[in-house]
Amino acid sequence: MATSQSQGDIKFIYDTVGPADISLNGATLLRDPGFETAVLISLFSDRRADMDDPLPSEDGERRGWWGDALATARIGSRLWLLDRSNINPTTIAQGEQYVEESLGWMLADGSAKTIKCTGSRGARADEIIFEVTITGPAGSVFFKFFYNWKYQLYGGAE
C-alpha cells in the first residue's frame, strides 16, 4: 500500500547504535504516516521519575523533559530507571509497566484501543526484549525492540 510521505510525524531513523536521525527524500523530510516515530519518542525519551521512584544512581537526578513540570500528561518512559538493574522477572514486569505507561497517551486520545507489552530476557545479560502490540481503529501494529542497559539500543519495528 503506497502512503504519502507528506503526512504524519517527521520520521525518525534509528541505526543499531546511537541517537535517532532524520532523512530527506529530495528536499522533503521523510514522514511517518503511522505510529513508529510516536512510539519511539514515547519509549526512548526519559520521563521524569516520580518522587518515590528509586533512582539508579546516587546523584539524585530525576531526568525528564522540563515541560513535564508544566503539563498534566508527561512525555517519555521511565525505562531508564532500570539501568544497572539485575534482569529478573520483577525487572521485566516493571519494564512492561513502564512501556505501557509511556504509550498510555494513545489510549487517552483514542488512537489506540489496547496496548499490550510482553518482555523477556534478551541474548545479553543486560538486555530485555519488549514486544508491543497496539490495537487501534484500523487494526493492530506490532513493534519489537530491545532495551540494553549499556547502549540503550533500538532493535527496530517489525
Evaluate the range 85-104: report whether one residue or more is surrounded by fewer than 18 Cβ atoms within 10 Å (Cβ to Cβ), closer than 30 Å to Pro137 by Cβ and of a type in the set (Phe, Trp, Tyr).
-> no
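Could you tell me which of the residues Asp109, Asp126 is over 20 Å from Leu40 (Cβ atoms) and surrounded by fewer than 20 Cβ atoms within 10 Å (Cβ to Cβ)?
Working: Asp109 fails: over 20 Å from Leu40 (Cβ atoms).
Exactly one of Asp109, Asp126 is over 20 Å from Leu40 (Cβ atoms) and surrounded by fewer than 20 Cβ atoms within 10 Å (Cβ to Cβ), namely Asp126.
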Find the residue count for the range 96-111, including only residues that are assigned to a loop (DSSP other than H, G, I, E, B), of a type outside the set (Ser, Thr, Tyr) and either in contact (Cβ under 8 Å) with a residue 60 or more places away in the chain or under 19 Å from Glu127 (Cβ atoms) (or both).
-> 1
Are any of the residues in the range 49-57 exposed (fewer than 15 other Cβ atoms within 10 Å of the Cβ) and either within 16 Å of the chain's Cα centre (by Cα) or hydrophobic (A, V, I, L, M, F, W, C) (or both)?
-> yes
So how many residues does the range 113-129 have that are touching a Phe, Trp or Tyr at 6+ places or on another chain (Cβ under 8 Å) and without any contact (Cβ under 8 Å) to a residue 40 or more places away in the chain?
-> 6
Determine if the range 67-82 includes at least one residue that is surrounded by 10 or more Cβ atoms within 10 Å (Cβ to Cβ) and assigned to a strand (DSSP E or B).
-> yes
Meets criteria (in contact with a helix residue (DSSP H, G or I) (Cβ under 8 Å, 6 or more places away or on another chain), at pLDDT 90 or above and basic (Lys, Arg)) for Arg121 | yes
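The values are calculated or read from the model by the stated rules, or taken from the named source; none is laboratory data. On a predicted model such as this, the values are computed, not experimentally measured, just so you know. Neighbour counts are summed over all protein chains in view; Cβ atoms, including those assigned to glycine, are modelled from backbone coordinates with ideal geometry.
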